[in-house]
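> The structure under discussion is supplied below as structure tokens; questions concerning it will follow.
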Amino acid sequence: MSTSIQDIPLKTIEGQDSSLGAYSGKVLLVVNVASKCGLTKQYEGLEALYRQKQAQGLEVLGFPANDFKGQEPGTDAEIAQFCSATFDVTFPLFSKIAVTGAETHPLYQQLIAAQPEATGEGPMREKLVGLGIEANPAPGVLWNFEKFLIGRDGQVIGRFSPDVTADDARLRQAIDSALAA
């Protein structure tokens, strides 16, 4: 039997043992984040979304990953400091993991398997190719700030391309539906 997505062992950015099970009954937005990416300013929107919807049961969970052009080179402590100082991030952050390749963390293996296609897929992939960057082949995570939505029941119910921002109507609607369920 495969491990439930909620039982996969995780470490918080402070080094504490955790899992998605710690957020049981909540709607989760799982995001692979990076400090030195063109999309890093999305931290601002994600934090605003978190502050707006947390009381209704939304948790934004950030997973730093250094898989794309070395855009998250820091240690967990440096990442935590950057997020706090630069974007006043209060949503939970986890220890740096891999979201692509042979070392893909089991959490991301299950997220990708559950939702192989991302809403909004296309423009970002074309942009990367236009910049001469070899895009990670689907169904793999395309880039930093890809978002997975997990319902209150622990099921993966959505996936959004990195360039779908926290204020995008498609993401907002999916979150609101999940919170209402």
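> Tally time: how many residues in region 93-103 are assigned to a loop (DSSP other than H, G, I, E, B) and touching a residue at least 24 places away in the same chain (Cβ under 8 Å)?
Of the residues in region 93-103, 6 are assigned to a loop (DSSP other than H, G, I, E, B) and touching a residue at least 24 places away in the same chain (Cβ under 8 Å).
> Taking Lys41, is it surrounded by fewer than 14 Cβ atoms within 10 Å (Cβ to Cβ) and basic (Lys, Arg)?
In short, yes.
> Touching a residue at least 60 places away in the same chain (Cβ under 8 Å) and not charged (D, E, K, R) - does that describe any residue in region 116-132?
No, region 116-132 has no match at all.
> Now for a different question. Could you list, ordered by first residue, the pairs with Cβ atoms under 6 Å in which the first is in region 135-164 and more than 17 Å from Gly21 (Cβ to Cβ) and the second is basic (Lys, Arg) and modelled with pLDDT of 95 or more, at least 6 apart or interchain?
Pairs that qualify, where the first residue is more than 17 Å from Gly21 (Cβ to Cβ) and the partner is basic (Lys, Arg) and modelled with pLDDT of 95 or more, are Phe160/Lys147.
> Being under 11 Å from Leu10 (Cβ atoms) and surrounded by fewer than 16 Cβ atoms within 10 Å (Cβ to Cβ) is the filter here; which residues of region 84-107 pass it?
Correct list: Pro106 only.
> Related question: Is at least one residue of region 119-140 among the hydroxyl-bearing types (Ser, Thr, Tyr) and outside any loop (DSSP other than H, G, I, E, B)?
Yes, because at least one residue in region 119-140 is among the hydroxyl-bearing types (Ser, Thr, Tyr) and outside any loop (DSSP other than H, G, I, E, B).
> To continue, here is another question. When you scan region 54-63, do you find a residue that is surrounded by 14 or more Cβ atoms within 10 Å (Cβ to Cβ), of a type in the set (A, V, I, L, M, F, W, C) and free of Cβ contacts under 8 Å to residues at least 40 places away in the same chain, even just one?
First pass over region 54-63, keeping only residues surrounded by 14 or more Cβ atoms within 10 Å (Cβ to Cβ): 54, 57-63.
From the residues that got through so far, the ones that are of a type in the set (A, V, I, L, M, F, W, C) too are 58, 60-61, 63.
Imposing the further condition that a residue be free of Cβ contacts under 8 Å to residues at least 40 places away in the same chain reduces the set to 60.
Yes - at least one qualifying residue is present in region 54-63.
> So which residues in region 123-150 are more than 23 Å from Lys96 (Cα to Cα), surrounded by fewer than 20 Cβ atoms within 10 Å (Cβ to Cβ) and in contact with a Ser or Thr (Cβ under 9 Å, 6 or more places away or on another chain), if there are any at all?
Residue satisfying the conditions is Pro123 alone.
> Something else about it: Would you mind finding the one in Gln110, Gln81 that is of a type in the set (S, T, N, Q), surrounded by fewer than 21 Cβ atoms within 10 Å (Cβ to Cβ) and farther than 22 Å from Gly45 by Cα?
Testing whether each residue is of a type in the set (S, T, N, Q), surrounded by fewer than 21 Cβ atoms within 10 Å (Cβ to Cβ) and farther than 22 Å from Gly45 by Cα leaves just Gln110.
> Out of all the residues in region 47-92, which are assigned to a strand (DSSP E or B), under 13 Å from the mean Cα position of the chain (by Cα) and under 19 Å from Gly154 (Cα atoms)?
Once the filter is applied, which keeps residues that are assigned to a strand (DSSP E or B), under 13 Å from the mean Cα position of the chain (by Cα) and under 19 Å from Gly154 (Cα atoms), region 47-92 yields Glu59, Val60, Leu61, Gly62, Phe63.
The values are calculated or read from the model by the stated rules, or taken from the named source; none is laboratory data. None of these values were measured; they are calculated from a predicted model. Note: ideal-geometry Cβ built from the backbone for every residue, glycine included; neighbour counts use all protein chains shown.
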